[in-house]
1. Take the residues of the stretch B:288-346 that are aromatic (Phe, Trp, Tyr) and within 11 Å of chain A (Cβ to nearest Cβ): which is nearest to B:ALA386 (Cα to Cα)?
2. If A:LYS272 passes every condition in (1) farther than 18 Å from B:PRO72 by Cα; (2) of a type in the set (D, E, K, R); (3) part of a helix (DSSP H, G or I) but one, which one does it miss?
3. When you scan the stretch A:275-314, how many residues do you find that are surrounded by fewer than 21 Cβ atoms within 10 Å (Cβ to Cβ) and closer than 22 Å to A:TYR120 by Cα?
4. Looking at the stretch A:172-185 only, could you name the residues that are part of a helix (DSSP H, G or I), of a type outside the set (A, V, I, L, M, F, W, C) and crowded, with 18+ Cβ neighbours inside 10 Å?
5. Please state which one of B:SER50, B:SER110, B:SER91, B:SER106 is among the polar types (S, T, N, Q), modelled with pLDDT of 90 or more, surrounded by 15 or more Cβ atoms within 10 Å (Cβ to Cβ) and outside the structural domain of B:TYR426 (by TED's automatic domain parsing).
6. Within the set of pairs 6 or more residues apart or between chains, which connect a residue that is closer than 24 Å to B:ASN245 by Cβ and touching a residue at least 40 places away in the same chain (Cβ under 8 Å) inside the stretch B:467-495 to a residue that is hydroxyl-bearing (Ser, Thr, Tyr) and buried (at least 17 other Cβ atoms within 10 Å of the Cβ) with Cβ atoms less than 6 Å apart?
7. As an exercise: evaluate B:ARG361 against (1) in contact (Cβ under 8 Å) with a residue 40 or more places away in the chain; (2) within 29 Å of the chain's Cα centre (by Cα) and give the number of the one condition it does not meet.
8. Please list, ordered by first then second residue, the pairs with beta carbon atoms under 8 Å, 6 or more apart or interchain, first in the stretch B:376-395 and on the phi < 0 side of the Ramachandran plot, second modelled with pLDDT of 90 or more and loosely packed, with under 14 Cβ neighbours inside 10 Å.
Amino acid sequence: MTLAQLGEVSTTLVWGALASLTIALVAFAVDLARRTDVRAEHRSKAVSTAAQRELVGAVTAGASAATPTPSAVAEPVETTPRRRAAGIAMSTTTLGAFLLLVGIVTRGIAAGRTPWANMYEFTLVGSFVAVTVFLIVNRLRDVQFLGAFVTGLAAVFLTMGLNVFYIAAMGVQPALQSYWLVLHVGVAITAAGVFTVAFTASVLQLLRTARDAGSGWLGTWHWLDRVPAPANLEALSFRLNAVGFVLWTFTIIGGSIWAEHAWGRYWGWDPKEVWSFVIWVVYAGYLHARTTRGWSGTRAAWFVVVGFACVIWNFTGVNLVFNGKHSYSGLN
Amino acid sequence: MSGLTRKNTRYAPAGIDDAMTSDPGEAPEPQLPTLGARGWARWTWRQLTSMRVALLLLMLLAVAAVPGSVLPQRGQDPAKVLTYLGEHPTSGKWLDRLGLFGVYTSPWFSAIYLLLFVSLIGCILPRVAAHLRNLRGRPPRTPSRFARFPALASGTSTASPDDVADAVAAALRRRRLFRVDVGAEPAKDARPEIRTVAAERGYLRETGNLVFHIALVGLLISVASGQLLHYRGQALVTQGRGFANAVVDYDTFDKGAWFRPESLSPFSLTLDDFSSEFATDAVAFAQSRDFTASVTVTPAGGGTTSQHTIKVNHPLEIDGAKIYLQGNGFAPEVTVKDADGQVAFAGRVPFIPEDTMYTSRGVIKVPDVSAGLEQIGLTGYFLPTAQIDDDGSARSVFPQPTNPMLVLQVWTGDLGLDDGVPQNVYQLDTANMTAVTGDDGVRAQVIVKPGETVDLPDGLGTLTLGADVPRYVALDLRYDPSLAWVLTFALLALAGLGVSLFTPRRRVWLRTWALPDGGTHVELAGLARGDDTGLQGEVDRAFAAVPGLRPPPDDDADNYQEDPR
């Protein structure tokens with residue numbers, strides 16, 4: 001098999017991963033809807049235990065205790081709801097991650113280098129990291145409620161990658177020939193994948209908070225009652241964002257060292273550097289907001305939304321719109 | 001079951017600043033009218049060092065950085081700024097007044113980050129003092145009631161309270177993470193004596209937090225000192241030639257305010273050879289793959305010369321300065337004889353690549369013509385692999401010199417070199433020159449290949465292109481003594497950040513006493529800074545160390561539960 005053919009095999013595998021993740025997205029959505037139905041049936045039975053738990057929750061939950069939330073209703077151990085959809089979703093997600101991994105590896109062999117040097121490859125690796133982080137976290141604790149959103153975002157990224165950013169596998173210019181390509185870019189994409197999962201948790205936190213506060217337009221989104229309480233979503237988001245922030249800090253430091261080697265300066269306010277700095281400051285703001293009275297909870301979650309928007313912009317717009325030293329999309 | 005939803009979750013964030021229990025900026029309400037100067041100063045200082053203002057400054061900093069990526073910046077691309085000002089004369093003038101073409105050196109951007117650092121220092125200093133006291137302190141006394149704590153365990157043991165307390169204390173000490181105190185509360189009224197254990201771990205969390213913030217201050221100071229002490233010289237060197245590390249030998253030279261010429265180490269460097277490689281496959285045709293400059297370095301004051309290579313990503317380091325390969329191109333060897341047959345110009349002329357195929361633009365200025373003749377200027381392109389299309393336009397189709405050609409237009413008149421005003425060597429000032437046209441009124445074009453001599457139009461003379469086309473490299477020499485400090489503080493910040501975010505800060509307490517009907521009651525409680533999923537596990541591990549535990553009765557009345565995992 002020639003390298004060009006191997007490159008085509010890689011592309012086919014990525015299409016396969018996209019199909020698999022799309023099935024997972026549908027199955028996760030069905031599962032969320034099913035859980036909602038089960039919840040409605042069980043609601044009356046759960047009332048007594050829920051009331052007890054509410055009491056316990058009210059003692060410690062601080063601000064959120066002021067308005068009794070349906071969070072406690074979500075907590076009773078779900079005995080045997082029909083979770084066939086969840087099974088399908090998890091299998092197809094795992095399959096999608098596997099196909100993507102093989103697709104990335106074959107891409108690397110076809111190009112004869114680390115397979116993350118242009119935007120198409122960024123979308124592959126970023127999606128893979130997001131899905132893998134989801135699968136790993138799900139082994140530690142049940143976060144299947146995030147599945148629809150993570151696979152959905154991964155499917156969007158891959159669709160964009162295959163249709164907009166795709167270029168054939170090839171080598172890289174001298175400026176990219178460095179082990180820092182593996183470290184700096186690899187860690188940057190990993191951070192983006194981690195931020196993606198944290199972002200989904202924060203969005204759910206915001207939606208759930210709005211619904212609990214009686215937001216009109218979320219009134220029919222019953223599935224939101226099936227996701228954990230905002231405080232727990234915030235805790236999950238924080239843990240992921242903390243990892244993401246450390247990775248991003250490393251990305252910037254590694255990038256500076258590399259820039260010093262390749263371009264003769266460690267920091268030059270190139271558009272990519274500007275936006276990496278902005279992302280770092282926004283997430284630093286998020287960490288501080290969490291500990292500032294009146295800024296934790298919902299406002300902190302908005303920082304995550306803004307921060308993730310900057311991450312996405314940094315991976316797309318900055319490469320395509322601005323003409324900087326980091327314009328490695330490979331597209332003209 | 002949903003593992004995420006834990007019991008008794010406190011909605012307490014666990015960010016890097018969670019050790020701060022009271023926010024100095026928020027605690028006292030400002031009393032406006034009676035403050036006086038000192039009061040105002042104190043109030044301002046409190047506001048500035050409050051978390052809320054720090055947060056505001058962080059948000060401002062993020063927003064303020066954005067325009068620098070949208071508008072061209074003088075520090076990065078001054079030519080683009082001029083183009084922008086030309087295209088937007090009115091709005092450009094205002095943007096310029098606001099400093100938007102030099103965002104990162106503008107007063108408002110500097111004000112934001114300097115205020116942020118003042119706020120940071122004001123916040124960190126008291127915390128360093130508090131943390132130093134804490135480090136010598138003992139774990140807080142065992143509370144008398146455990147019910148309010150998020151992690152609990154209790155049971156009955158056959159061992160005595162003393163043995164239980166000792167065993168748990170020993171287990172906590174064994175892992176070397178905890179600072180442990182064993183104590184007792186004397187019997188009072190009907191209550192028996194209670195043995196207690198108080199343990200705390202995770203002092204490193206705040207240490208990491210403080211290291212992170214102090215390292216950021218160090219980083220800022222290092223970067224600033226680098227700005228003051230650095231120098232940077234750029235030189236264009238053709239094959240077989242060289243330059244000495246002296247201010248006059250550079251084409252451009254930048255320096256910081258505290259630069260001293262002594263910090264230039266007087267070595268010299270010669271470019272022996274330059275080679276480049278480009279992809280030839282269809283997919284990535286003509287993409288660059290490798291650039292290598294081979295150089296010989298003669299150390300200061302003579303001595304043994306040494307051979308080195310400089311590549312992109314592999315700068316050459318000499319005496320603390322680094323030499324980077326920043327660009328390359330062709331410098332054809334051109335000889336121009338004037339109408340009298342005298343050599344009016346002979347030398348290498350660097351042509352600047354304008355595209356990936358190295359279609360390179362250059363200017364040849366011929367001022368030293370024989371008396372009575374007009375000066376000559378030639379502008380045009382060097383094409384490494386020339387292809388002339390049917391319409392007569394020439395372009396390069398590959399970056400390597402497989403079919404090199406020089407395509408020039410000819411001007412005559414006054415080059416303007418005698419005015420004493422410095423000129424850009426890559427631009428021809430045609431204000432006092434006229435383009436030479438052929439008989440048909442079309443501009444005359446001179447096309448010459450290496451080794452050829454052609455006549456210039458209008459009998460102006462001849463032009464010879466040397467048989468070999470030498471390569472040139474653009475070298476960038478930088479000296480910045482702060483680099484090691486910048487890296488050290490950056491890595492310290494990273495380490496501090498990781499430690500502060502991932503070190504759990506936990507307290508574990510034990511209370512145990514003898515029950516009137518025999519046996520020993522044991523209860524443990526845990527408390528963590530922020531939310532900490534491992535807290536219940538910590539309490540459970542300590543509980544497992546209790547000797548002689550009786551199997552727990554099936555008791556639904558327990559108002560707390562084990563962690564579901």
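The values are calculated or read from the model by the stated rules, or taken from the named source; none is laboratory data. Since the model is a prediction, treat every value here as computed from it, not as a measurement. Note: ideal-geometry Cβ built from the backbone for every residue, glycine included; neighbour counts use all protein chains shown.
1. So the residue we want is B:PHE291.
2. Of the numbered conditions (1) farther than 18 Å from B:PRO72 by Cα; (2) of a type in the set (D, E, K, R); (3) part of a helix (DSSP H, G or I), the odd one out for A:LYS272 is (1).
3. Number satisfying all stated conditions: 3.
4. Let us first name the residues in the stretch A:172-185 that are part of a helix (DSSP H, G or I), namely A:174-176, A:179-185.
Cutting the leftovers down to of a type outside the set (A, V, I, L, M, F, W, C) gives us A:174, A:179, A:184.
Within the stretch A:172-185, A:PRO174, A:HIS184 qualify.
5. Just a single option satisfies the conditions, and that option is B:SER106.
6. Here the result reads B:PRO470/B:THR238; B:TYR472/B:THR238; B:ASP476/B:TYR324; B:TYR479/B:TYR231; B:SER482/B:SER222; B:SER482/B:SER225; B:TRP485/B:SER222; B:VAL486/B:SER222, each pair linking the stretch B:467-495 to a residue that is hydroxyl-bearing (Ser, Thr, Tyr) and buried (at least 17 other Cβ atoms within 10 Å of the Cβ).
7. Tallying (1) in contact (Cβ under 8 Å) with a residue 40 or more places away in the chain; (2) within 29 Å of the chain's Cα centre (by Cα), B:ARG361 fails exactly one: (2).
8. Cβ pairs passing all conditions: B:PRO384/B:THR402; B:THR385/B:THR402.
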